[in-house]
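Undergrad: Mind looking over this structure? Questions follow.
Please treat every number below as a calculation from the coordinates, not as lab data. Because the structure is a prediction, the values reported are computed rather than measured. So basically every Cβ, Gly included, is an ideal-geometry build from the backbone, and we count neighbours across all protein chains shown.
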Amino acid sequence: MTTTGRADAFTVAATDGRLGGNAASIRATARALAKVESAAAVVLVEGITDQVALSAAALGRGRDLEAERVVVVPIGGAHAIGRFLTGLATRVRLAGLCDLLEEEVFRRALVAAGVGAPHARAEMARLGFHVCVKDLEDELIRALGTAGVEALLEAQGDLRSFRSFQSQPAWRGQQPQPQLWRFLRSSSRRNLRYARLLVEEAVRRDALPRPLDAVLSAV
């Protein structure tokens with residue numbers, strides 16, 4: 001994929017995200033599934049934000065997932081994992097990424113689909129499936145630190161908006177980490193944009209969160 005092609009991939013994901021709700025998920029999933037027939041490996045992730053983050057992480061590591069025939073499929077929520085595993089388990093090499101709250105959903109699905117019999121997170125990891133604690137945004141905030149995330153917000157012209165958010169009664173006086181977490185997730189457009197920006201900064205600092213690094217290593 002050319003540099004323009006990589007940029008286009010992020011643009012497409014951001015456009016999907018702006019559709020909102022099921023429309024975004026369905027469109028992103030369909031686009032990824034169209035590439036599965038020729039894939040060497042498939043990474044199953046919960047949503048579009050995870051897809052964008054993994055694509056950015058791969059690019060930062062100097063990898064071209066399209067050329068490697070690695071397809072990142074947003075499945076539209078953790079509870080869809082069983083259906084995707086059943087359809088793909090015998091066809092391609094698999095890996096995956098999920099949030100902490102969905103770890104048990106993924107684990108049970110791996111067992112049911114015959115991918116393996118993991119009883120613990122370490123056994124899931126050996127199968128290529130990794131868990132964010134507590135989720136992708138939290139991993140990235142901890143990787144960069146609150147000061148690092150605020151510096152990025154300032155560089156992007158969003159720090160004033162964040163300061164305004166912090167002054168809201170519901171968030172006033174709370175710790176910066178949960179404030180940042182909620183600010184990033186309060187807009188789908190912002191969440192997608194910063195999934196890429198935060199990953200790029202984490203790669204630059206050699207601080208990519210372990211689950212993202214591990215999933216890429218699995219494929």
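Undergrad: Give me P(r) over the range 137-204, computed from all C-alpha to C-alpha distances, binned every 10 Å, as integer percentages.
TA: 21, 61, 17, 1
Undergrad: Another question, if that's okay. Looking at the chain, do any whole DSSP H helices span at least 20 angstrom along their long axis by alpha carbon and average -1.0 or above on Kyte-Doolittle, and which?
TA: Sorted by number, the helices that extend far enough and score high enough are 3-19, 136-155, 188-204.
Undergrad: Over all distinct alpha-carbon pairs, what is the Kirkwood Rh of the chain in angstrom?
TA: Numbers: mean 1/r = 0.0564 Å⁻¹.
One decimal place: 17.7 Å for the Kirkwood radius.
Undergrad: Over the range 137-204, what relative contact order in percent results from Cα pairs under 8 Å that are six or more residues apart?
TA: 44 percent
Undergrad: So for ILE26, ILE75, fewest C-beta neighbours within 10 Å to most, what's the order? Write down the numbers at each step before the final one.
TA: Working: ILE26 14, ILE75 25.
The fewest-first ordering by Cβ neighbours comes to ILE26, ILE75.
Undergrad: Full-extension gain between SER187 and ARG172, please, as 0.36 nm times their residue separation minus the C-alpha to C-alpha distance.
TA: Full extension from SER187 to ARG172 adds 3.5 nm.
Undergrad: So who's got an amide H within less than 5 Å of the one on GLY96, skipping anything under 5 residues away but keeping other chains? H placed 1.01 Å off N, in plane.
TA: Long-range HN contacts for GLY96: LEU44, PHE129, HIS130.
Undergrad: Give the relative contact order (percent, whole number) for the chain; include only Cα pairs under 8 Å separated by 6+ residues.
TA: Once divided by the residue count of the chain, the mean separation gives 24 percent.
Undergrad: Just the number, please: percent antiparallel of the DSSP beta bridges in the chain, rounded to the nearest 5. Write down the numbers at each step before the final one.
TA: Details: 0 of 14 bridges.
Given both bridge residues lie in the chain, the antiparallel proportion sits at roughly 0 percent.
Undergrad: Same structure, new question: Positive end of the dipole of the chain, charges at C-beta (+1 Lys, Arg; -1 Asp, Glu), about the Cα centre: which of SER188, SER38, VAL215 has its Cα farthest in that direction?
TA: SER188
Undergrad: Also, I was wondering about something else. Please identify every one of the trypsin sites (Lys or Arg not before Pro) in the range 41-77 that sits in a loop by DSSP and has no more than 11 other beta carbons within 10 Å of its own beta carbon.
TA: Listed in order of number, the matching sites amount to none.
Undergrad: Could you line up VAL72, VAL92, VAL133 from fewest to most neighbouring Cβ atoms inside 10 Å? Numbers along the way, then the final one.
TA: Numbers: VAL72 28, VAL92 17, VAL133 14.
Fewest-to-most ranking of VAL72, VAL92, VAL133: VAL133, VAL92, VAL72.
Undergrad: Evaluate the charge dipole of the chain about its Cα centre and quote only its size in Debye, nearest 20, assuming +1 on the Cβ of each Lys and Arg and -1 on the Cβ of each Asp and Glu.
TA: 240 debye
Undergrad: About its Cα centre, what dipole magnitude does the range 137-204 give when the only charges are +1 on Lys and Arg Cβ and -1 on Asp and Glu Cβ, stated in debye to the nearest 20?
TA: Charge dipole, the range 137-204, about its Cα centre: 260 debye, nearest 20.
Undergrad: Another question about this same structure. Of PHE106, PHE84, how do they rank once you tally other Cβ atoms within 10 Å and put the fewest first?
TA: Going from sparsest to densest Cβ surroundings: PHE84, PHE106.
Undergrad: Another one. Mind listing which trypsin sites (Lys or Arg not before Pro) in the range 158-219 are in a DSSP loop and have 13 or fewer other Cβ atoms within 10 Å?
TA: Qualifying residues, ordered by number: ARG172, ARG205.
Undergrad: What distance in nm separates the two pseudo spin-label positions at ALA120 and LEU101, each 7 Å out from Cα along the beta-carbon direction?
TA: Modelled inter-label distance: 2.6 nm.
Undergrad: Quick check on the chain: helices-only [θ] at 222 nm, where DSSP H runs of length 4 and up contribute -39,500 (n - 2.57) each and the sum goes over total residues. Nearest 500, please.
TA: Dividing the helical sum by the residues of the chain leaves -18500 deg cm²/dmol.
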